[in-house]
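The values are calculated or read from the model by the stated rules, or taken from the named source; none is laboratory data. In this text, all values refer to a predicted model and were calculated from it rather than measured experimentally. Here the Cβ positions follow ideal geometry from the backbone for every residue, glycine too, while neighbour counts run over all protein chains shown.
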Amino acid sequence: MKKHYEDLSTPARLLLGPGPSNVPDRVTKAMTCPVIGHLDPVFLAIMEEVQDMLREVFMTENRLTLPVSGTGSAGMEAALVNSIEPGDPVLVCVNGVFGTRMCDIVERCGGVLRKVEAEWGRPIDPGQVRDALEDFDARVVAVVHAETSTGVLQPLEELSSIVHEKDALFLVDTVTSLSGAPVKVDDWDIDVCYSGTQKCLNCPPGLAPITFSPRAVEKLDKRSTPVRSWYLDMSMVQKYWGSDRVYHHTAPISMVYALREALRIVLEEGLEERWERHLKYNRELVRGLEEMGLRMLVEERFRTPMVLSVIVPDSIDDDAVRKRLLDEFNTEIASGLGPLKGKIWRIGIMGISCREEIVQHILSSMKAALFRQ
Ligand SMILES: *Cc1c(COP(=O)(O)O)cnc(C)c1O
């Protein structure tokens, strides 16, 4: 007997975790446009628009700016593998899951790793980075801007000047922060900066916007060894996204349509308006949760506006609350990772989910779920 598979049907959830976030209809609709060839002149024009819009959103003039085919982690891997040659000393700031992931990648690309660490839920101390660089001649210093596993937003400007005093490349993960908090690639002198589509950009997961400064491109051009990833080698990928239009791999056509629409939405609203909106509703959400007697993991000045980490009270069962939210309110929030598992909830208000009704919905549904216990 031939097995029968039903038509696909998925629930329309409210995605209020740390990603993926809900996708606006405009973006979904863009993805249903007919697939065309990856060298079709119409598609080439779309690629240029996407690159121009990415430069606006990253606030950069960098020529090498494009979406890597793959999720945020592909952006991370592309950033590191193109910046590191075997034997290069690399300093990574670690205060959560994503800093830890960077360390793993650095070692896989043959980098000589040194870490500067902070407790999960606390930012990295720039003084410790300065001290570490005294006797460690790092070629690259990597840091996560919005550490989604803890809800810490790392201030970047002071770190950037420390890194450049030492002539290293400054590499920053903005997967969660891009378009929800200021990310000023040129003003802050960031050399390699990558993001992801499914957090504040409200696109399905599948592309990783990335940008390289002229300094980072020069280092790439002068490598004495080939990039240790064929797929993510920017010197080859750039030949397709740049003016040569040489085939490397087939662009994920429909995802590029989606990203184009998502970026259009971001720019229609305006970056500053967007940053302010995230701050405003973050504060409102915090106020409401605190009124319910809940406490936040991260102190106010280092909180990411788009992901809030809320301490699970001792008497409360983390899983039961999340299950109730999903079953009764069709709403997804996340638990903690690693050492924070069972200790925090992570609530994401990213892009379109960052608005009054959603804040009120979170507060009333959390109240109901907690009351049951
Ligand atoms: C989500 C995330 C990633 C990884 O992105 P994936 O799309 O899951 O591969 C990397 N860094 C940060 C800070 C993230 O939040």
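Listed by position, the helices (runs of 4 or more DSSP H) contained in segment 72-148 that have at least 2 residues being outside the structural domain of Pro305 (by TED's automatic domain parsing) and surrounded by fewer than 17 Cβ atoms within 10 Å (Cβ to Cβ) are 97-108, 126-134. When restricted to residues that are surrounded by fewer than 17 Cβ atoms within 10 Å (Cβ to Cβ) and assigned to a helix (DSSP H, G or I), segment 149-160 contains 2. The single condition from (1) more than 16 Å from the ligand (Cβ to nearest atom); (2) in a helix (DSSP H, G or I); (3) surrounded by fewer than 20 Cβ atoms within 10 Å (Cβ to Cβ) that Glu61 fails is (2). Sort out which residues of segment 203-221 are aliphatic (A, V, I, L, M) and closer than 14 Å to Leu80 by Cα, and write them in order of number. Listed by number, the residues that qualify are Ala208, Ile210, Ala216, Val217, Leu220. Only residues that are in a strand (DSSP E or B) and within 9 Å of the ligand (Cβ to nearest atom) were counted across segment 161-208, and they come to 3. Residues in segment 332-373 that are without any contact (Cβ under 8 Å) to a residue 12 or more places away in the chain and either assigned by TED's automatic domain parsing to the domain that holds Thr176 or among the aromatic types (Phe, Trp, Tyr) (or both): Phe371 alone. The residues of segment 187-236 that are among the acidic types (Asp, Glu) and either modelled with pLDDT under 95 or under 18 Å from the mean Cα position of the chain (by Cα) (or both) amount to a single one, Asp191.
Looking across segment 146-155 at every residue that is touching a Pro at 6+ places or on another chain (Cβ under 9 Å) and within 12 Å of Pro123 (Cα to Cα), the one that is farthest from the ligand (Cβ to nearest atom) is identified as Pro155.
Selection over segment 3-34 of residues that are assigned to a loop (DSSP other than H, G, I, E, B) and either surrounded by 13 or more Cβ atoms within 10 Å (Cβ to Cβ) or within 26 Å of the chain's Cα centre (by Cα) (or both) gives a count of 15.
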